[in-house]
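One structure is given here, and the rest of the page talks about it.
The values are calculated or read from the model by the stated rules, or taken from the named source; none is laboratory data. This structure is a prediction, so every number in the text was calculated from the model and none was measured. Protein only, heavy atoms only, side chains kept; ligands, DNA and RNA dropped before computing areas. Shrake-Rupley method; radii C 1.70, N 1.55, O 1.52, S 1.80 Å.
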Amino acid sequence: MNQRSATVLEPHIPHQRVSEGPFPPPDSTPSGPSRIARPSTTWRVLIVENNAHEAEALARGLRRHGHEVDSVATGGEALHTYESADLVLLDLELPDIDGLEVCRNIRQACDVPVIAVTGRGSELDRVLGLQAGADDYLAKPYGFRELMARMEAVMRRARPQAPLAGTIDHGPLRIHAASRQVTLDGVRVELTRKEFDLLYLLASHPDTVIPRKRLMQQVWGDSWSRRTVDTHVSTLRNKLGASTWITTIRGVGFRFGHG
């Protein structure tokens, strides 16, 4: 059997029949094991998958659980996109660059979590994937619930942070540190883990210019990329509805402002 043709099993949808593959149909009752708790925070997930059908099925399932999803089909695209992601789901069978090499390049550049999701299921393949820098390895075909559980576990291990304290209020903007939630005019603003960390750091030092390098070190670790910071700042401005919330100080960094 060609495992590349196997499709990802998605979460249970009422009235949709799931009968193909080695996995039993999910429990159809609301309290059954098919229920997957929504994560306390959302992530920007990059799917690197050459099979368009599998990529779309996976993206659809992740979006149902509140995550932001980008999808690319080649290793080259992955190496130009991963810096804006909180988590990478990497197929190792890509048309241009071997997935192991893509994984090595990502790991050499930064510590963004990577889960290899691939049809290569032998013990040697798993060993090579983990040695290349993958944080976890999942062979196709697999169940969506298992993938979600593995994603949660990997993200718990990735750069655990001490709980933040207090609430920051700036006019209509409220940043709830303990719950990691942001509201604007009483309406919740959905942010990824990195977006929240970036906003909290800036808002914790109002009217202070914070250099890009400090932002990169405190939010992303020791890896350095100007584009990563700029991409997240741009996304934050869009979500907050005004560029004035974060001011760019050319050649230095960013300063938290007022919407």
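For the range 83-193, what does the alpha-carbon gyration tensor say about shape, rounded, prolate or oblate, given a ≥ b ≥ c as the root eigenvalues, a/c under 1.5 as rounded, and a/b over b/c as prolate? Taking the square roots of the gyration eigenvalues as a ≥ b ≥ c, the range 83-193 is prolate. Cross-link partners for Lys239 among the lysines, with Cα-Cα distance under 29 Å and sequence neighbours closer than 8 places in the same chain left out: Lys194, Lys213. Ordered from highest to lowest accessible area with the whole protein assembly present and a 1.4 Å probe, Arg44, Arg145 read as Arg145, Arg44.
If you take the Cα centroid of the range 185-259 and the Cα centroid of the range 43-86, the two points sit 23 Å apart. Using a probe radius of 1.4 angstrom, the carbon and sulfur fraction of the accessible surface of the range 92-206 is 52%.
If you look at the Cα atoms of the range 76-131, you get an Rg and a Dmax of 10.7, 31 Å.
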